[in-house]
Every structure is written in structure tokens, then in C-alpha cells.
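Q: Let me give you the structure first, and then I'll get to my questions.
The values are calculated or read from the model by the stated rules, or taken from the named source; none is laboratory data. The shown structure was predicted, so the numbers you read here are calculated from the model rather than taken from an experiment. With ideal geometry, Cβ positions are generated from the backbone for all residues, glycine too; neighbour counts draw on all protein chains shown.
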């Protein structure tokens, strides 16, 4: 037995042909990871999401019994990769729909598109004063009269150009400095980085004809990692790139990934994945722009607290356990190489400060970008991603909370949900004749529905009476079957009973695309998700005695798509009932905020002040949250008086 | 030929039996170094000091002709190791007197004794606030109400105990912090180090019952390296140790060593030597006091600019070349391990700031220790070692200069000169009957004469008319031969013609010791040395219009011995003619100053201010220096009006 355990077997995954050599008894999901195949796995390998189905073509294996496979599937040797052990050499087929690998290029294209959905930092708000800068320094060579040592000569010269009362120089730079100054005849290009109150001389080189200096700003999303290449000499964004977070096969949300890492002692692996993703983005950007990686001297990251912890391999376990704390909220700048990031070997890695375990630096970036912390009037900032974080406040105070709303509006847990990429329905209207008008990203054939499309779908189903205030398909329709429909529409057979209960056909199949459905389970997920966000908003508003009419603006950030109909967010009861002109869709404020900070020390100070001053409400332990959540599990809400602008149509229809 | 050059030969050195394998053509001095034998070499291998004599017992070699060997020596196969190439396997005998190796233990004992010659920092001058400190920090563990992250929790707790507005933490500490805090239940011992305006968290450990934290203060002398072990929890000196600088076989003065390093690309080797010396001292201290090297968290060094450059492997070459500059005068704190120092792997290495290429941090330490920078009245600080550095000033201004006086008062270039160690004559008086009374260090048999004894010798020979004002043996004595002597003495045969000219027997040989002589060359060296110091003092005084009567104090530092008769320094014209009570011998102020700085941030600030504010006079390019030097090449001086208190006896005798 011990002997056989030591045996190694080769597992070949078709159709890619990728192979992994693993010990006998290795779980097939792990073997897939090893082969570089990212199997979709929402539950993180716990065997209850049923997403990691594969077909065994050949070889011996042992599978735990599961209710997630149909008798047909079992007969066809379909197994859950996370519940199956390798007992011999094997050949395994990965169904196309389950392998992220298979459509990697498309996905990256999509993600790239998503990366562009970013509000540029408002010009002129913060003075241009980047955290890392490079400039030419010309000194007069020493003479008998001016015998200042090289090191101090350089400091004096630097201080003539920038404000740097406290300076540091690494030992290696110090050692090479004398030779370099002599060789360059005291004309050098100096790169300095700001490190929490001190200015570090990162690099000294002979002065060239032109100063080239770049940085990368990164939004570390749970799902998508977005990188912008910035020219640090003038602050412009040179190029953008994005990719899916390859941790995704350890769980779709970060709580799952933390559990996976803890149970499998996979913290290093978790770090490697995200670092590799970031490195891939950097290399892609650098190659495309023909930039030497050595000329990238800074990287700045914003993201949720867990992602930042994974990136730095800081203990993330207490993020999900009481008392829900981070290992570090204000991560000091470190050398990027220490975290494995492949830029200039002395380049710095900055992380924006975060507020709490569930309110990360992406939210601080959002507050910075929307500038709600500078306004007299009250604003709300909502970031809808895997979680729904909410900030409320003004120039005097800021409160925040995080609802574990689930990633329904990111397309997860929704049958035809998808992220904002090519083919995603981002706009959808039900016309009076019951037909549906839609727009897809890239104007291609419809593949699924992204966030803004899902919001439209939920709102349109509701306002057209297809679903009722509880989010159930209209009982009238249900009871009468597909033939009997609400008076104004001719439904044909669009509401049917599927494997997962009632489902409504939004778009019928055609030669070039499949049908697009929305199921009762999808709707339940979307309603829960919006209810979580609204309940969080309510708790903050109630705690601060804020009324809807007090709100001057609501900013929605997230990966909804380009054409978000913000009004629908009120219609379904996700946002408080304020006039549509007060609601602004602001896109990816995480990367925008990271860029703002990168380009100005004052912005970093502002971000630090925001992170420090924000009061965090822990909704898990908040007595009122669960009530608010239950009350919000209606369309738009149990209390219609909160939604006067919506109530009219609801009452009318009823 | 090319073939034979590649051959390797073994050189065996007797009587130690140490061996080295070297390529054909290797210089024998280099082979000795490789075998670990430190041959005395003043000229650094240039072939003109004649100190590296060895005897070839066996083997083929090639030697350059030299005038430094007598025909007898040549017949006995004596060669200069630095002028001899290895052409076969060889056996070589190292004369006992020339091998530092042979008497290493005695030397270390001596050096250890020398290390005690140190003024302790004045208590209470600077508040106790060490550059590195360790203390217990107890935090309340996080709760849902208090969800501050670990990193910020630690910072808050540290800031409750010490003033640390700007803090830094290394990435590795940051990563281990969460695990450590949980394991230690939020009660930890924190070590912090001050790094130029920031406070770095160097180490975090579970809190023990007792805080142990040590540092080592080092005087990096050209000849002697002295180390004091300091308990950082209370500032006491626990133990002291010293050793000879093992760079010594690359040249006795640092200029020679720089040339050697440059010509042989031996900068690494030079650093290895001094780092090894420091490490040996640290290990000796730690073992004797049963201290774990991990508990030594700081090392602080003062020394001349060249030695600090060697220690850190900073380019020292321009110290000796116009425009005579240092690579760094204000060396930032670095991790000791980066320089190869074996203390706590995150421990810091501090170097006191220096003023110029020829006025090092040892002089800054001296000014700090004597506190002349705080006094209303004018003082002079003189450090007499291999060079003679002089500082003049008060609380308003400080000027300084360095005379390349040569190490005569360190015993170098003096036939029976030696450093202040066991058997060194440190006190010498010529009695009226011509007999000589003397005291040796350790009250053992006389071995040689150290600094204070040499000063006595010069003064006594002069005041007793044995040498005249030009430093020549009295022509009357010389002309009359050994039989005819000055009237009051019965000289016997004490003035004789030796190999190196006239020589005067101070102490006749006995059963247990050799005779102790002083030669004309010795006296010339001593006069030149004192003239250099006095000329430097004169230049500074003239430039600042300072008169002898303006001087409130003169401080002499250096390794003279315990019983320096300071009055003699005026008699020979080394110091200005001030009353004896104004002259203070202050011992090793270099290590004392290093300790003062180690134990107080305010002292470091003071040292930095001293280094910055001191005006350096380059004597090489100073128009008046050479004149002053020539005028000072008399006893006490050509201008007797400068020495009224000495002039009387001179005139009387004449």
C-alpha cells in the first residue's frame, strides 16, 4: 500500500493534450491544476457545486458518491474532478464549457475590454508628484575646494529637484555609486521612490538622452485582474490589459479560496497564482509597448483585503473568522521582487490602504475617485462585485459596510450569466409586443448576460408583471402554463418547466447562438444580491439618520458593462429611490484610484486619511441587518413607501 | 612557458607548518597571506620597507635585487617576500620577529588591554534613547468591536511606548507577524532600530521573561580594532576586546592599503579582513559573556574614513588622490549582515558620520566625547595615531585638519617602538646621574617603548642636552665619541654607531630582556611626527586668529598608554605652550563617542551636526602648511617665542 502510494501516474487531459504527473491517490482537480487547466469550481473542491465535471476516457479511479451526477452521466463515466482520485495513468476529457483554459484567449480579450471601463482620474485634482520618479541629476565633480562625498553630493543634488527631507539608499546602490558617478562624470538618472515618509534612492544610472520610467496600476479583483501601464514621466495611461484571476479554480469567491488555502496549506500556491497573473499582465503590456521590464519601477495595487493578502502571502484566514480582521490594512511599500513581481529588481510595490477585512483598498480607491470625501452633501458609493460594499458620507464623516451579496450581478450563480465580455447582453428591454430588444458587447451573437443586462432583465420582468414582488414568476402565468399569459403579451411557450424549475426564455435559439434563459433560481439569486446591497445601504442610512432626499449622489462601481441603466437599480430596489440624474455609473474605480495615488503623494495621503477615518459597520453582528435584508427581499421592497417612484407602477399593475 | 605558468606549487611556511597552494610566479608575500600568515609589511609590498624578510630553506625562486639585504643575509638565503616569486614547491622559514601570526595571542592580550583605555561617556549628558531598543509590547487581542489589523495594532502599541512617527517593517516580518501575534497571544518583544528619521521594526518575538538586547561599539583603527559589548537595556559596557587590524600586511598605513587594493584589485579581500576582525571580536565577546549572537542587534563603528570604506567595501581610492574625497561621509544605517557582520541577521550597522577623506568619524566621536562643540571657550582636540588629526573650536565654530604625521608615536618606524601593550615602556625619566627610571605596562620586563614612553624619551633626551634643538645627537657627544659626554653624566658607551647611524642605549640588556635603543632615525621620525601635528595646529590657529592664551583646553586622544606626561607634549613642541593643567589625555575617544551615539538619538543628531558644521582645511593645498612644518622641525620650534615655558631651559642649557 505504501509502495503503491508512492507510484506516479500521468494524467492526460483532452482535448488540450496537457499532461500532469501525479502521485497515486491525487485528486483529479489538483492534477488538472498541475497540468495548467483551470476547471471551474465554485465550491473550491468541496464537491457540492458540481462545476468540475470531467469524463474519464481511460484509466482507474476512485470517486466519492455524489447526487450531482445524473444516472446518464454516471453511465458515461462523468465524474466530479474534485471527488475523484487517480489510481493509474489516465486520459480525461474536459468538457469545453467547463474549462477556462479552452477559451482563455477569448476571455482575455473580454477582460481586456473590461479593463477599459475605467474612469480616468480627474485631471488637476492632485498635483503631479508620483510615488516613484526618475530624473536627471547633474552635479559638479568634486574639487579640492568642494570635497563633499559622493553620497552626500547626490543627496544635495536630488534635494535641489524634489522635496525629500528624509532619504535612504540601499547598500548595493551605495557601493556602486562612486564608480557610477565617476564613469558618468556626475551626470546620472536617479530613480527615487517614496516609502512612508522617506525617499529611497532606488536606482542610479548614467544619464541617457531620454528618461523612461513606467509603472503598472493593478485592480486585484476576485474575478478579474486589470492592469494599466502608466508613463511616470507624464502620468498618461499608455495601455491596459486584463485577465481572469487564475485562483478561480480554488473557489469563485475569496472566502472559498481562503478555506481552500487553509485546508490544503495552499497559501504559497494562492500567491503564485495571483502573482503569475500580475506578471503575465505586466509582460503583455511591456511586450506590446516594447518596454524593458527594468524600466517599470513601481506597481500599485488596489483590491479587496483578501486579494491583497493573497498577493503578499499575508495570513488571510482571520478575514473569514471572528473577529474578522486583516493582517495588515496599511501595507508598507515593499520591493516588488520580494513578492515575486517581475519588474525592475529594486522597483517598489505599493498597496492602497484598506479599512477592514471586508472593506478593501478597492473601496478606498472608489471613495478617492468619486471624491465623496470632499463634498458637503451626502453621497453613497456602491461597489457591486462578488461582495457589495457600500460607503456613505461626506467631507465630515464616512461610514461603510460590506454585504456578502454574492456574485450574481457578476454573472455567477446565474444560468446564462457572464462577465462583461464579447457577446454579453448588456442592455435588454421587453417591448410592448412581448418581444425583446437587446444589445451585446461587441455587437456579436448573444452568449450570455452580464451585470447591466441582468439588472435590466430583473427590472423588465418585474415592471412587465412577469415576476411579482416576491420575485416569483407571476402565479397567473404559472398556473395557466405556458399557454396562458399576461394580457398584453403573446408568450408562446417562453415560460417552461426546466431541470431547475421554471425558466423564461429571453432569446430563442438560432443557427448561430443558443437560447438565453433566466430561471427562477437566477432571479432568486439576483434578488438576494440586490437585497444585500440595499440592506447594507439602509443600515448605514438608519445609523446616520440619513434620508433618501438627503442624498446628493449615488455612485455605482463594478463590472456591469458599458451601458448600465442606472434607473433600473432603483426599480428593483437595489438603490434608494433618488432621481436617476443623481445616480452615476463610474466603472472600475479601483484601478482609477490606484492610478491617482500612484501619480500624487497627496492622493496617497488622502487615501490614507480616507481609510483611517472611515467607520466600519460589521453587518454580521449588526442587530438590524438581517431584518433589513429580509425586508429587501421583495421587488422593490416590502415597504413601498421607500420607493415612491416605483410604487406607482407596482400599484397600478396590481 | 605558458604551460609552466599554469603549474601550481605548494609553499610550506615554518615553523608554523602552514601551507598554501599557489600558481607558479606567485609573489611569496601573497602566498604567505594565502596560508594565513600575516607578515609585517609597512610599504604594502613595494619592496622598500624591508620588513617582510623570510628565509628560503628549499625550492626555486626568483628575487629582485634589493639594497635592503646585507651580504650576510643574501648568503643565508634571506629574501624579501614581496620581491620573490615562487618557481617550485618551497619551504620557507618566517623569522619569529616578523610574523604577527607567531605572537597573535600576546598581541590580542595587549590589544585587549589597550581597549580599556577609554573614557566612558559622561553620564547624563544625553538622555538614554538607544538607536536600537527592544521592549515588551502587550496588545489586547482583536475583537469584533476592535478589528484593527495586526500590523497597525502593533504600530499603535509601539507608539504608546516610544516616539516613532515614521515606521517601517520589512516584508518578512510583516508576513510572519500575524502568526506570531496569535501564537504569542499578542504579547511580544519588539526590537526597533532608528534609521535616519524612520523607526524600523527589526524583530518581533514572543515575549520572554526577560528582555536581552546587546550591541557592539567598534573603533576601527588602522592598527587596532577595539570592540565594546554594550547592554542596550541599560547602557552599561559589559566587556571589551581588541585585536590588531589584520589588513596590516597590506601596509601599515591606510594609504598603502588603498594602493595595494587598487593595484591588486583586492577591495573584497580588504573588506574580508576587517570584517573578519570585527566578527572575531564579536564572537569572543559573545562567547565570554555567554550571549547568543542573535541577541546582538546593533553594531556601531567609528574610525578613519578609509577604514569605514574598507569595512563597507565603498570605493576608497579617491581618498588618496586629488580631490581627496570620500564615497560617503554620512553612511546610512544598513543591515549588518549586508556587510558580512555576524550578529542578528536583521541587526543594524551604524557608522558615525565623518567630515572629509582625512577627518573621519573617529574625530567626530572625539569632538562629541570631549564636548568641545558645547563650550564657550576655545579647545583643541588632537588624535595622534597613524595620522594626526586636529580640531579647534567652540560652540560657535569648529575647524579641523589632518597632518600625515606618520605613526611614529604608535611605535611604527621606531626601532624599539611598540604599541601600548605588556612590556611597553610607557614612562621614562633620565635621572641626574644619567641612569634611567622607567615603568612598563604590566610591570613586566621591558620589550619596547609605546607612545607616552617615546614622548618622554624625546623630551628627556632634549632637556638633558643629549639631543639638540635640531633633534641631532649633541655634536659635542658625537665628536668626542662614546667616551666624552656632557659634563653631568657618566655615559659609558651608551652612544654608539649602529647599522642605522648613531644610537643611544636607554636600557642596557640583561638576562631577561634585550637592550632598548633609540636611534637618530627614530628621533627624526618622532620630530617629524610632532612637527606635523604642531604645524596643523598652527595653521588652524593662524587661520582663526587664535592665540595660545585663548585656549581653554587641549585634549589628546590616541593609544599612547595609561601614563602620559602631557607636559612633555609641550616640551617637545607638539602642542602649543599652555599650562599643563589645561592638557588632558582622553584615551580612545573613538569608541567612547561611538557608544555615546549608540545610546542616544540626540547624541547621533549632535554627531551629525558636528560632522556637518566642521570646516575642513586641506593641508596639502594650504600655502602656509609646509612652512609651518619646517619651522616645527625643531625642538620645541624654530621660534622660541612660541614656547616661553620651554625657552628658559633651552636658553639656560645653551
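Q: May I ask you to list the residues in region B:137-175 that are in a helix (DSSP H, G or I) and more than 9 Å from every other protein chain (Cβ to nearest Cβ)? Give the steps one after another, and end with the answer.
A: At the first step, the residues of region B:137-175 found to be in a helix (DSSP H, G or I) are B:150-161, B:171-175.
Within region B:137-175, B:154, B:156, B:157, B:158, B:159, B:160, B:161, B:173 qualify.
Q: Would you call residue B:306 in contact with a helix residue (DSSP H, G or I) (Cβ under 6 Å, 6 or more places away or on another chain), within 14 Å of chain A (Cβ to nearest Cβ), buried (at least 24 other Cβ atoms within 10 Å of the Cβ) and assigned to a loop (DSSP other than H, G, I, E, B)?
A: For residue B:306, the condition - in contact with a helix residue (DSSP H, G or I) (Cβ under 6 Å, 6 or more places away or on another chain), within 14 Å of chain A (Cβ to nearest Cβ), buried (at least 24 other Cβ atoms within 10 Å of the Cβ) and assigned to a loop (DSSP other than H, G, I, E, B) - is not met.
Q: Out of all the residues in region A:178-194, is one or more under 36 Å from the mean Cα position of the chain (by Cα), in contact (Cβ under 8 Å) with a residue 12 or more places away in the chain and assigned to a loop (DSSP other than H, G, I, E, B)?
A: no
Q: Looking only at region A:589-614, filter to residues that are closer than 22 Å to residue A:543 by Cβ and surrounded by fewer than 17 Cβ atoms within 10 Å (Cβ to Cβ); which one of those is nearest to the other protein chains (Cβ to nearest Cβ)?
A: A:612
Q: Applying the selection to region B:181-194, what residues are surrounded by 17 or more Cβ atoms within 10 Å (Cβ to Cβ), within 13 Å of chain A (Cβ to nearest Cβ) and farther than 30 Å from residue B:284 by Cβ?
A: B:181, B:186
Q: Is there a residue being under 27 Å from the mean Cα position of the chain (by Cα), surrounded by fewer than 23 Cβ atoms within 10 Å (Cβ to Cβ) and assigned to a strand (DSSP E or B) anywhere in region B:195-212?
A: yes
Q: Regarding residue A:301, is this residue closer than 25 Å to residue B:152 by Cβ, surrounded by 24 or more Cβ atoms within 10 Å (Cβ to Cβ) and within 14 Å of chain B (Cβ to nearest Cβ)?
A: On the way: closer than 25 Å to residue B:152 by Cβ: yes; surrounded by 24 or more Cβ atoms within 10 Å (Cβ to Cβ): yes; within 14 Å of chain B (Cβ to nearest Cβ): no.
Spelling it out, it is not the case that residue A:301 is closer than 25 Å to residue B:152 by Cβ, surrounded by 24 or more Cβ atoms within 10 Å (Cβ to Cβ) and within 14 Å of chain B (Cβ to nearest Cβ).
Q: Another question, if that's okay. Quick check: is even one residue across region A:395-405 in contact with a helix residue (DSSP H, G or I) (Cβ under 7 Å, 6 or more places away or on another chain), in a loop (DSSP other than H, G, I, E, B) and under 29 Å from residue A:463 (Cβ atoms)?
A: Checking region A:395-405: at least one residue is in contact with a helix residue (DSSP H, G or I) (Cβ under 7 Å, 6 or more places away or on another chain), in a loop (DSSP other than H, G, I, E, B) and under 29 Å from residue A:463 (Cβ atoms).
Q: Return yes or no: is residue A:222 within 30 Å of residue A:80 (Cα to Cα), part of a loop (DSSP other than H, G, I, E, B) and modelled with pLDDT under 95?
A: So residue A:222 fits the description; yes.
Q: A further question follows. Identify, please: which residue in region A:473-497 is modelled with pLDDT of 60 or more and surrounded by 15 or more Cβ atoms within 10 Å (Cβ to Cβ) and is, among those, nearest to the chain's Cα centre (by Cα)? Can you show your working first?
A: Filtering region A:473-497 for residues modelled with pLDDT of 60 or more gives A:473-476, A:493-497.
Now narrow it down to the ones that are surrounded by 15 or more Cβ atoms within 10 Å (Cβ to Cβ): A:473-474, A:494-495.
Working: A:473: 32, A:474: 35, A:494: 34, A:495: 34 Å.
Filtering first and then ranking leaves A:473.
Q: Can you pull out the residues in region B:439-449 that are touching a residue at least 24 places away in the same chain (Cβ under 8 Å), crowded, with 18+ Cβ neighbours inside 10 Å and within 18 Å of residue B:509 (Cα to Cα)? First the steps, then the outcome.
A: Applying the first criterion (touching a residue at least 24 places away in the same chain (Cβ under 8 Å)) to region B:439-449 yields B:439, B:441-442, B:445-449.
Going one step further and asking which of them are crowded, with 18+ Cβ neighbours inside 10 Å, we end up with B:439, B:441, B:446-449.
Correct list: B:439, B:446, B:447, B:448, B:449.
Q: I've got another one for you. Working only within region B:316-329, note down all residues that are over 20 Å from the mean Cα position of the chain (by Cα) and in contact (Cβ under 8 Å) with a residue 40 or more places away in the chain.
A: Passing the criteria: only B:324.
Q: Just to be sure I understand, how many residues within region A:317-346 are in contact with a helix residue (DSSP H, G or I) (Cβ under 8 Å, 6 or more places away or on another chain), buried (at least 21 other Cβ atoms within 10 Å of the Cβ) and more than 9 Å from chain B (Cβ to nearest Cβ)?
A: Number satisfying all stated conditions: 4.
Q: If you don't mind, there's one more thing I want to ask. Restricting to region B:407-435, and then to whatever is in contact with a strand residue (DSSP E or B) (Cβ under 8 Å, 6 or more places away or on another chain) and at positive phi, can you tell me which residue is modelled with the highest pLDDT?
A: By that ranking, first place goes to B:423.
Q: Moving to a separate point now. Among the residues of region B:261-272, is any in contact with a helix residue (DSSP H, G or I) (Cβ under 9 Å, 6 or more places away or on another chain), more than 14 Å from chain A (Cβ to nearest Cβ), assigned to a helix (DSSP H, G or I) and closer than 30 Å to residue B:134 by Cβ?
A: No, that holds for no residue.
Q: Looking at B:461, B:454, B:349, which one is in a strand (DSSP E or B), in contact (Cβ under 8 Å) with a residue 40 or more places away in the chain and touching a strand residue (DSSP E or B) at 6+ places or on another chain (Cβ under 8 Å)?
A: Every option except B:349 fails the conditions.
Q: Considering only residues that are crowded, with 19+ Cβ neighbours inside 10 Å and without any contact (Cβ under 8 Å) to a residue 12 or more places away in the chain, look in region B:123-147 and name the one that is nearest to residue A:401 (Cα to Cα).
A: Among them, the one singled out is B:147.
Q: Among the residues of region B:229-260, write down those that are over 24 Å from residue B:28 (Cβ atoms) and in a loop (DSSP other than H, G, I, E, B).
A: Within region B:229-260, B:232, B:233, B:234, B:235, B:236 qualify.
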